[in-house]
1. Which of the residues belonging to region 105-146 are in contact with a Phe, Trp or Tyr (Cβ under 9 Å, 6 or more places away or on another chain), among the hydroxyl-bearing types (Ser, Thr, Tyr) and surrounded by fewer than 21 Cβ atoms within 10 Å (Cβ to Cβ)?
2. Working carefully through the options Val172, Val193, find the one that is closer than 20 Å to Ala262 by Cβ, assigned to a helix (DSSP H, G or I) and within 23 Å of the chain's Cα centre (by Cα).
3. Check whether at least one residue in region 506-517 is open to solvent by 20 Å² or more (accessible area, probe 1.4 Å) and polar (S, T, N, Q), and report yes or no.
4. When you look at Phe480, is it over 30 Å from Met512 (Cα atoms) and either crowded, with 18+ Cβ neighbours inside 10 Å or touching a Cys at 6+ places or on another chain (Cβ under 6 Å) (or both), yes or no?
5. Evaluate the following for Thr252: is it surrounded by fewer than 17 Cβ atoms within 10 Å (Cβ to Cβ), over 15 Å from the mean Cα position of the chain (by Cα) and of a type in the set (Ser, Thr, Tyr)?
6. Hey, among Ser301, Ser266, which residue is of a type outside the set (A, V, I, L, M, F, W, C), open to solvent by 10 Å² or more (accessible area, probe 1.4 Å), touching a residue at least 12 places away in the same chain (Cβ under 8 Å) and farther than 16 Å from Ser314 by Cα?
7. Please list, ordered by first then second residue, the pairs with beta carbon atoms under 8 Å, 6 or more apart or interchain, first in region 142-161 and assigned by TED's automatic domain parsing to the domain that holds Gly220 and more than 20 Å from Gly570 (Cα to Cα), second among the hydroxyl-bearing types (Ser, Thr, Tyr) and surrounded by 15 or more Cβ atoms within 10 Å (Cβ to Cβ).
8. Which condition number does Met177 fail, the rest of (1) open to solvent by 30 Å² or more (accessible area, probe 1.4 Å); (2) under 29 Å from His633 (Cβ atoms); (3) outside any loop (DSSP other than H, G, I, E, B) being met?
Amino acid sequence: MTATAAPVHHEVHEHHGPPPPPRGPRRLLYPGFLRAIWMTALFFGLGSAIVVLCRWWGGWHPIWKGEMIVLVGALVAAPIGFLAGIGSFDYWTRYAVGAPTVPEDHSGHGAYSWRDYFRVNTDHKVIGMQYLTTTIFFFLAGGLLALLVRSELAKPGMQFFNNQTYNGLFSVHASLMIFLFVIPAFAGLANFVVPLMLGAPDMAFPRLNALSFWLLPIAGIMMLSSFLVPGGAFAAGWTGYAPLSVHQPMGTIFFNMGVQWAGASSIMTALNFLVTIITMRAPGMTFWRMPLLVWANFTTSLLVVIATPFIAGSQFFVMFDRVMHTSFFETAGGGYPLGYQHIFWFYSHPAVYIMMLPGFGIASEVISVMSRKPIFGYRLMALSLMAILVLGFSVWAHHMFVSGMAPWLRVPMMITTLLIAVPTGVKVFSWLATMWEGKILFATPMLWAVGFVSMFVIGGLSGIYLGAVPIDIHVSDTYFVVAHIHYVLFGGSLFTIFAGIYYWFPKMTGRMYNEKLGKLHFWLTFIGFNATFFPMHLIGTEGMPRRVSDYDPQFAHWNMFISIASFFLGASTIVFLYNMVVSMRRGPIAVGNPWRALTLEWQVSSPPPVFNFDEIPQVVGGPYEYGVPGARHAVLSTSERTADERVPVD
């Protein structure tokens, strides 16, 4: 099945970028941050008025109830006003009210100055960069919260925070890392790369793509601002188990709504990827000629579309129990508390694969290119992604072995949990076979990819233990679980995100990063990561519980060691930030194809043209035919010039 698109002629605006804003009072009506300020305030007022009017009409007292005002006015209406103010809805609003739509002149497409990154932009490459910079900000914020947690745990006893504040710190840390870093960071990389890999001029729905990004800062600011409300941040963990979360301070509703905004962003992006991959592939690009990163984002997007509505529902139910006094999870009213866990984990275990499958695709790209060999078992690699997609929905209750659920459900869930290791093992052995006897270039992206394979195997092995009912009963809610999830999501997801950033950095910026600093960043992170999280396996099996601010003195020495190592790990990020910022401004100019890769994104200039391709590429072969004489993935008149260009690696 191949989608063939006719050549498209784009009428680019006479002046690069959007026209200058009008002067005088009309400036207030021009889309941008100035309009967003007054529209955010206006919509907050409208939301608050709706609450007051409804409470007056229903005879409920007090008419002005702070929590309801915050929920409806600040967390629902005000973000909609902000999105309307920056111009996210302008085109659709004109269409909806029957006004003539503005002819598309592509003035809102592409980046011609730094200002273009701070407005609604329909260019998938600009949106990809917006995603990455925003997620790195929330990564730093979540990392600082983790260091505060480790500061408290450095010694037994209470040092800096009370129990509620401590619970808020690790809850917001985990929520930011999952919902505002790992998931959207992969979306950012894919946003930049996938249309280029497909030979497409952009994503299928550029305006929806732009909107999906601007939901993210709303969700992240919402979660961070929960620290400022009475009672402090949401403190029931990133899982937000009910009925505990129902009876927390006001910060809980910031989590409930933050997840809704982040989830809506994920669904929009996933739908966009699905339509783009299915309908916008270049001529000759069959499914069996797609790069594995495209396969990975195809399966991930299916997971997101199917699973994310479940976490949305779970958070709405908790919010209704809290503000509308329903009893979905309140036993006193006939509710079913375990129902929350079933609904939540029906999303959140597939979410683990949402956070892993794009990383599998990145690792496949990097390992094949850097080994100068075709991917071993390409079709099985693609099919194993589909197998993980299907099996991922059959294992959710392994998170609930000690929850009090029906005992008969334990063994089936244990079997499916162990079974899902098979397609994952296929991928690990394929990566190893790809590297076997390859001409390996251990550039920075390859170091991160190989580091990912090794760390993910450790995380996977501890997952096998946790999937076995007897062992899980023993180590449930201990630091063994903390070690497992960090080996999977830090050693797995984060390592591949860094691999992707370094690998496509020349394509994104047109400049090369500093190779020595890149390798320094890897080794500092690799050592700091293992020193921080590997000892947690030991203290977990010895019985140290997770999510506690104080602990038995017998664990004091290990916790001091872990806390020191965590600060070492945090400091390694400084090297990354310095390398990125300096290299973007003063790094050596990158050639079109520094890695001598075959996939389509490397057959155009770095950075790519505004509409990606001056001509529609013709795909004639597989994407990984390294070492095969005369093999070509695609035919472009410019590909001869870029195919063999490469910069020296220090």
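1. Answer for region 105-146, where residues must be in contact with a Phe, Trp or Tyr (Cβ under 9 Å, 6 or more places away or on another chain), among the hydroxyl-bearing types (Ser, Thr, Tyr) and surrounded by fewer than 21 Cβ atoms within 10 Å (Cβ to Cβ): Thr133, Thr134.
2. Numbers: Val193 fails: closer than 20 Å to Ala262 by Cβ.
Result of the check over Val172, Val193: Val172.
3. The first filter runs over region 506-517 and keeps only residues open to solvent by 20 Å² or more (accessible area, probe 1.4 Å), leaving 508-509, 511, 514, 516-517.
In the following step, the residues that additionally are polar (S, T, N, Q) were identified as 509, 514.
So far as region 506-517 goes, yes, one or more of its residues are open to solvent by 20 Å² or more (accessible area, probe 1.4 Å) and polar (S, T, N, Q).
4. Numbers: over 30 Å from Met512 (Cα atoms): yes; either crowded, with 18+ Cβ neighbours inside 10 Å or touching a Cys at 6+ places or on another chain (Cβ under 6 Å) (or both): yes.
Criteria met by Phe480.
5. Working: surrounded by fewer than 17 Cβ atoms within 10 Å (Cβ to Cβ): no; over 15 Å from the mean Cα position of the chain (by Cα): yes; of a type in the set (Ser, Thr, Tyr): yes.
Answer is no for this residue.
6. Details: Ser301 fails: open to solvent by 10 Å² or more (accessible area, probe 1.4 Å).
Ser266 is the lone residue from the list that is of a type outside the set (A, V, I, L, M, F, W, C), open to solvent by 10 Å² or more (accessible area, probe 1.4 Å), touching a residue at least 12 places away in the same chain (Cβ under 8 Å) and farther than 16 Å from Ser314 by Cα.
7. Pro156/Tyr551; Met158/Ser549; Gln159/Ser151; Phe161/Ser549
8. In the conditions (1) open to solvent by 30 Å² or more (accessible area, probe 1.4 Å); (2) under 29 Å from His633 (Cβ atoms); (3) outside any loop (DSSP other than H, G, I, E, B), Met177 misses (2) alone.
The values are calculated or read from the model by the stated rules, or taken from the named source; none is laboratory data. Here the structure is a predicted model, which is why all the values come from computation and not from measurement. Positions of Cβ are generated from backbone atoms using ideal geometry, with glycine treated the same way; all protein chains shown enter the neighbour counts. The area values use the complete protein model at the heavy-atom level, side chains included, leaving out ligands, DNA and RNA. Shrake-Rupley method; radii C 1.70, N 1.55, O 1.52, S 1.80 Å.
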